[in-house]
1. Can you give the relative contact order of the chain as a percent, counting alpha carbon pairs under 8 Å and 6+ residues apart?
2. Determine the shape class of the stretch 115-159: with a ≥ b ≥ c the square roots of the Cα gyration tensor eigenvalues, call it rounded for a/c under 1.5, and otherwise prolate if a/b is greater than b/c, oblate otherwise.
3. Only bridges whose two residues both fall in the chain count here: according to DSSP, what percent of them are antiparallel, nearest 5?
4. What order do you get for E250, E70, E146 when you list them from fewest to most C-beta neighbours inside 10 Å?
5. Which one, Q86, P115, S222, is farthest towards the positive end of the dipole of the chain when Lys and Arg carry +1 and Asp and Glu -1 on their Cβ?
6. Please state the shape class of the stretch 1-146: rounded when a/c is under 1.5, otherwise prolate if a/b exceeds b/c and oblate if not, all from the C-alpha gyration tensor.
7. Quick one: which of K131/K231; K133/K220; K50/K158 span more than 18 angstrom between C-alpha atoms?
8. About the Cα centre of the stretch 118-254, how large is the charge dipole given +1 on each Lys and Arg Cβ and -1 on each Asp and Glu Cβ? Please answer in debye to the nearest 20.
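No lab work stands behind these numbers, since they all come straight from the coordinates. Note that this is a predicted model, so its numbers are computed, not measured. Here the Cβ positions follow ideal geometry from the backbone for every residue, glycine too, while neighbour counts run over all protein chains shown.
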Amino acid sequence: MITIAYILGSTRSGTSALRNALVETRYFGYGEGHLVPVLSDIIQSVLHHKTEGLGATVSGNGLHNMNPHEILRHLFRGYELYFSGQIGSEFLVDKTPTITPIRMAPDLNAFHQNPRFIHCTRRHLDNVQSKRKKFPDQPFRQQCREWSDCNLAWLDVKERLDGNFLAFDFHDLVSDPAQIAVQVGEYLDLNADEIAAFSAYLIAKRPQANPDRDLMQFLKLSEMDWTDEEKQIFTNICSPVGEKLGYSMESYYA
């Protein structure tokens, strides 16, 4: 049976570190997938033709009798076989760093044979500042909106995954990577050697680690060199979702 592990989260939340650690195990995949929008289009096309296609209301023809959920399951099997053939493994990892796979998670859960979902959340202030350094040409408002939209979407969809997910915070990823490795290993049924390899990668290649960056020193809004306008934009867009996640402006957690 083909298994696909989806790494979910806003950009700059540790998703690349998780993906890279996971390919130290039996799981393989592209650096970034960007194939999930294809699945979204397939789902939308099937549902559109079922309700609005020519002949959809005519009793007795194939489209009228089509079971959309059944045909989607078969189409997803074809996708899984294609992906597996391209990568050369029955254990696949997909990291598509957009909101699309987060929003699609319930459908991916419904139509894949054996999906898994790993979501990493990162505090708004640290995440947006990291985006700003990595993507300096992107508008500040857009960076705030991306964090807010991705995390709000996750809060919505995780309740519709019937418990089939593993979620943790960037704080835990950098403060106790060995424990995160154990959690991931238990969720994905990895063996002891694979858990050790996953853990070793996270410890050696801590997310965004560099000599002048202490990942345990989290930012304070009062100390940021943002303009007053930027601080207001950040507060307006990010604080409502941040409060839902228990984050503070002056410490990591409220």
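1. Details: 342 pairs, mean separation 69.4, N = 254.
So the answer I get is 27 percent.
2. Prolate is the answer for the stretch 115-159, as a/c is 1.5 or above and a/b outweighs b/c.
3. 10
4. Details: E250 12, E70 9, E146 22.
In order of increasing Cβ crowding within 10 Å: E70, E250, E146.
5. Positive-most Cα among the choices belongs to Q86.
6. oblate
7. Table pairs above 18 Å Cα-Cα are K50/K158.
8. Value, rounded to 20: 340 debye.
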